[in-house]
Amino acid sequence: MFGEVLWTEDSEAHIARHGVQPSEVEQALYGRPRLSTAGRMGTTLVLGTSNEGRHLLVVVAEAADGRDFVVTARDMTDSEKRLFREKGQ
């Protein structure tokens, strides 16, 4: 579903402020189970887990070159975790 991820210094610094590592984001994007839904302004919201079981919400947008640009990533809220448990595939 997701292709190559485009990382910039700014995107890595932004997720670091949420205590998230790029490797965790990629695990959530490429792993299973995962739940994707449309976000605002053409973004996609992805609910997934890291290999260590950390529940993450990742916001991605398509970059001009077709890669997936990570807008932000953070820990899921309790309500997002419930939704993920119910609908994640």
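Coordinate-derived values only; no laboratory data. None of these values were measured; they are calculated from a predicted model. Every residue, glycine as well, gets a Cβ built from its backbone with ideal geometry; the counts of neighbours run over all protein chains shown.
Before we move on, is SER50 touching a residue at least 12 places away in the same chain (Cβ under 8 Å), touching a helix residue (DSSP H, G or I) at 6+ places or on another chain (Cβ under 8 Å) and not aromatic (Phe, Trp, Tyr)?
Spelling it out, SER50 is indeed touching a residue at least 12 places away in the same chain (Cβ under 8 Å), touching a helix residue (DSSP H, G or I) at 6+ places or on another chain (Cβ under 8 Å) and not aromatic (Phe, Trp, Tyr).
Looking at the range 9-47, which of its residues are polar (S, T, N, Q) and in contact (Cβ under 8 Å) with a residue 40 or more places away in the chain?
SER11 - this is the single residue of the range 9-47 that is polar (S, T, N, Q) and in contact (Cβ under 8 Å) with a residue 40 or more places away in the chain.
Report whether or not ALA28 is within 20 Å of GLU4 (Cβ to Cβ), in a helix (DSSP H, G or I), among the small types (Gly, Ala, Ser) and under 10 Å from the mean Cα position of the chain (by Cα).
yes
Could you check the range 1-38 and list, in sequence order, the residues that are among the β-branched types (Val, Ile, Thr), over 24 Å from ARG82 (Cα atoms) and surrounded by 15 or more Cβ atoms within 10 Å (Cβ to Cβ)?
The one that is among the β-branched types (Val, Ile, Thr), over 24 Å from ARG82 (Cα atoms) and surrounded by 15 or more Cβ atoms within 10 Å (Cβ to Cβ): VAL5.
Would you be able to tell me the number of residues in the range 10-43 that are within 17 Å of GLU62 (Cα to Cα) and charged (D, E, K, R)?
Count: 4.
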